[in-house]
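Structure first, then comments.
The values are calculated or read from the model by the stated rules, or taken from the named source; none is laboratory data. These numbers come from a predicted model, not from an experiment. Glycine gets a Cβ as well: all are built from the backbone with ideal geometry, and neighbour counts include every protein chain shown.
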Amino acid sequence: MHGMLFLGDKKVGLRDFPDPTPSASQVIVKMKATGLCGSDLRPYRSTLDGLGARASVIGGHEPCGEVVELGPDVRTLKIGDRVMVHHYSGCGHCEHCLSGWAQLCQNGMTLYGSQAHGGFADYQLVEAHMCVPMPESLTYEEGAACSCGTGTAYQALKRLGVSGRDTFAVFGQGPVGLNATLFGAATGANVIAIDPIAERRELALKLGASHAIDPMAVDPVEAINEITHGKGAEASLDASGVGAVRRTAVLSTRVWGRACFVGEGGGVNFEDATNDIIHRQVTLLGSWTFSTVVLEELGHYIIDRNIPLKSLLLHRYSLDNVEEAFMLFEAGNAGKSTIIWS
Ligand SMILES: [Zn+2]
Ligand SMILES: [Zn+2]
């Protein structure tokens with residue numbers, strides 16, 4: 001089979017790998033769709049040395065496909081099942097693993113697409129417990145998005161408790177931020193989208209944002225205060241992973257506001273934590289992806305509520321064109337990019 005490796009310095013390449021064989025608790029998933037996630041840009045931009053052991057591991061952590069082979073002990077799946085892959089495996093018996101949060105396993109967690117082969121390949125070898133069933137009417141492309149970016153946004157909104165009473169500011173309109181905009185609008189919240197790229201702001205408005213702010217042209221905190229009668233947003237989310245933007249996301253909330261950090265990497269500096277956070281009674285949250293339980297719930301949510309997820313799934317490539325997919329994603333194209341197998 002073919003699989004994609006990160007080669008360092010914004011290069012990726014396909015290599016031949018032996019077709020995988022499942023051990024007792026594993027299954028083979030024939031890939032149908034694997035999404036490109038913002039966090040894939042870190043290995044993409046890394047040097048080859050910086051990649052370390054990851055340089056020999058197939059990338060891709062938003063896999064979705066069909067179960068085509070079962071290990072002898074697998075009882076929970078059958079051949080032909082359509083599944084989203086939760087891209088983590090843990091010890092299987094700690095409190096976090098048992099609640100579907102294998103990424104929080106304290107006994108050693110394996111991250112697929114980084115430490116074990118991921119979804120930019122014709123087949124993926126995974127533990128059966130990583131496979132989450134999906135509704136018949138959810139497309140593989142939608143399922144792939146749910147497997148990281150869309151699921152991450154959904155869970156962050158759950159943590160933040162975003163409702164129709166809120167003005168909700170979303171910083172960064174890459175795939176996760178756009179999904180947060182989409183889900184925020186679906187709850188009836190007044191969504192303010194912030195991004196320096198015009199194409200992404202336009203898409204955010206199409207997905208239901210009431211305002212789109214260019215942070216290079218205006219001060220987002222002032223602009224959000226203007227929209228909210230001088231008070232600030234009830235809730236904000238940072239999907240940019242940029243330190244200064246994280247701080248701005250917190251400052252854009254009103255007194256008793258809630259802010260959530262989702263974008264990864266780097267730090268954040270509050271020079272005046274007393275006035276920025278403490279004296280404004282801010283609730284500050286971190287949110288890292290989602291559990292298998294929430295992933296299954298999300299599949300039904302999208303179908304049952306008619307969430308127009310498809311309207312942000314805009315770029316499709318074959319595995320042979322994965323290099324082009326990464327080049328355009330890195331350049332900041334608007335909407336989700338997905339590798340599709342026909
Ligand atoms: Zn991701
Ligand atoms: Zn565990």
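Which number in (1) in a strand (DSSP E or B); (2) of a type outside the set (A, V, I, L, M); (3) touching a Cys at 6+ places or on another chain (Cβ under 9 Å) marks the one condition that residue 299 misses?
The number of the failed condition is (1).
Can you pull out the residues in region 97-119 that are among the hydrophobic types (A, V, I, L, M, F, W, C) and more than 15 Å from ligand 2 (Cβ to nearest atom)? Spell out the reasoning first.
Here is the first cut: in region 97-119, the ones among the hydrophobic types (A, V, I, L, M, F, W, C) are 97-98, 101-102, 104-105, 109, 111, 116.
Selection gives 116 alone.
If the requirement is being without any contact (Cβ under 8 Å) to a residue 40 or more places away in the chain and away from ligand 2 (no atom under 16 Å from the Cβ), which of these qualifies: 249, 217, 233? Can you show your working first?
Working: 249 fails: without any contact (Cβ under 8 Å) to a residue 40 or more places away in the chain; 233 fails: without any contact (Cβ under 8 Å) to a residue 40 or more places away in the chain.
The unique qualifying residue is 217.
Is it the case that region 208-219 has a residue that's hydrophobic (A, V, I, L, M, F, W, C), within 20 Å of the chain's Cα centre (by Cα), closer than 17 Å to residue 335 by Cα and buried (at least 17 other Cβ atoms within 10 Å of the Cβ)? Write out each step before concluding.
So in region 208-219, the residues hydrophobic (A, V, I, L, M, F, W, C) come out as 209, 212-213, 216-218.
Narrowing the set further to residues that are within 20 Å of the chain's Cα centre (by Cα) leaves 209.
Now drop any that are not closer than 17 Å to residue 335 by Cα, which leaves 209.
So of that shortlist, the ones also buried (at least 17 other Cβ atoms within 10 Å of the Cβ) come out as 209.
Yes, because at least one residue in region 208-219 is hydrophobic (A, V, I, L, M, F, W, C), within 20 Å of the chain's Cα centre (by Cα), closer than 17 Å to residue 335 by Cα and buried (at least 17 other Cβ atoms within 10 Å of the Cβ).
Find the residue count for region 127-143, including only residues that are more than 16 Å from ligand 2 (Cβ to nearest atom) and not in a loop (DSSP other than H, G, I, E, B).
Step one: list which residues in region 127-143 are more than 16 Å from ligand 2 (Cβ to nearest atom), which gives 131-143.
Okay, now just the ones that are also not in a loop (DSSP other than H, G, I, E, B), so 131-133, 140-143.
The qualifying residues number 7.
Among the numbered criteria (1) closer than 29 Å to residue 62 by Cβ; (2) modelled with pLDDT under 95, which single criterion is violated by residue 287?
(2)
Identify, please: which residue in region 56-74 is crowded, with 17+ Cβ neighbours inside 10 Å and of a type in the set (Gly, Ala, Ser) and is, among those, farthest from residue 9 (Cα to Cα)? Walk me through how you get there before you give the answer.
Kept after step one, since they are crowded, with 17+ Cβ neighbours inside 10 Å, are these residues of region 56-74: 57-65, 67, 69-71, 74.
Still in the list and also of a type in the set (Gly, Ala, Ser): 59-60, 65, 71.
Working: 59: 15, 60: 17, 65: 30, 71: 38 Å.
Filtering region 56-74 for residues that are crowded, with 17+ Cβ neighbours inside 10 Å and of a type in the set (Gly, Ala, Ser), the one farthest from residue 9 (Cα to Cα) comes out as 71.
Going by what's in this entry, would residue 210 be described as of a type outside the set (A, V, I, L, M) and in contact with a helix residue (DSSP H, G or I) (Cβ under 6 Å, 6 or more places away or on another chain)? It would help to see each step written out before you state the result.
Values: of a type outside the set (A, V, I, L, M): yes; in contact with a helix residue (DSSP H, G or I) (Cβ under 6 Å, 6 or more places away or on another chain): no.
No; evaluated as a whole, the condition is false for this residue.
Filter region 1-11 down to residues that are more than 16 Å from ligand 1 (Cβ to nearest atom) and buried (at least 20 other Cβ atoms within 10 Å of the Cβ) and give me whichever is farthest from residue 76 (Cα to Cα).
Initial filter on region 1-11 (more than 16 Å from ligand 1 (Cβ to nearest atom)): 1-3, 5, 7-11.
Adding the requirement that they be buried (at least 20 other Cβ atoms within 10 Å of the Cβ) leaves 3, 5.
Details: 3: 27, 5: 31 Å.
That would be 5.
Checking residue 28 against (1) within 29 Å of residue 172 (Cα to Cα); (2) modelled with pLDDT of 95 or more, which test does it fail?
(1)
Would you please name the residue that is farthest from ligand 2 (Cβ to nearest atom), looking only at residues in region 144-185 that are among the small types (Gly, Ala, Ser) and in contact with a Pro (Cβ under 9 Å, 6 or more places away or on another chain)? Don't jump to the end; show me each part of the working.
Looking only at region 144-185, we keep the residues that are among the small types (Gly, Ala, Ser), and these are 144-145, 147, 149, 151, 153, 156, 161, 163-164, 169, 172, 174, 177, 180, 184-185.
Now drop any that are not in contact with a Pro (Cβ under 9 Å, 6 or more places away or on another chain), which leaves 144-145, 147, 149, 153, 169.
Details: 144: 25, 145: 26, 147: 20, 149: 24, 153: 25, 169: 35 Å.
Selected residue: 169.
Among the residues of region 220-243 satisfying the criterion of being charged (D, E, K, R) and buried (at least 22 other Cβ atoms within 10 Å of the Cβ), which is nearest to residue 164 (Cα to Cα)?
Of all residues in region 220-243, those charged (D, E, K, R) come to 222, 226, 231, 234, 238.
If we keep only those that are buried (at least 22 other Cβ atoms within 10 Å of the Cβ) too, we end up with 234, 238.
Numbers: 234: 11, 238: 20 Å.
If we take residues in region 220-243 being charged (D, E, K, R) and buried (at least 22 other Cβ atoms within 10 Å of the Cβ), then 234 is nearest to residue 164 (Cα to Cα).
Taking the criterion of being in contact with a helix residue (DSSP H, G or I) (Cβ under 6 Å, 6 or more places away or on another chain), under 23 Å from residue 151 (Cα atoms) and either of a type in the set (Ser, Thr, Tyr) or modelled with pLDDT under 95 (or both), would at least one residue in region 231-238 satisfy it?
yes
What residue, of 23, 39, is in contact (Cβ under 8 Å) with a residue 40 or more places away in the chain, buried (at least 19 other Cβ atoms within 10 Å of the Cβ), not in a strand (DSSP E or B) and not assigned by TED's automatic domain parsing to the domain that holds residue 264?
Numbers: 23 fails: buried (at least 19 other Cβ atoms within 10 Å of the Cβ).
Result of the check over 23, 39: 39.
Conditions tested, residue by residue: (1) outside any loop (DSSP other than H, G, I, E, B); (2) within 16 Å of ligand 1 (Cβ to nearest atom).
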| position | (1), (2) |
| --- | --- |
| 74 | no, no |
| 77 | no, no |
| 83 | yes, no |
| 114 | no, yes |
| 119 | no, yes |
| 124 | yes, yes |
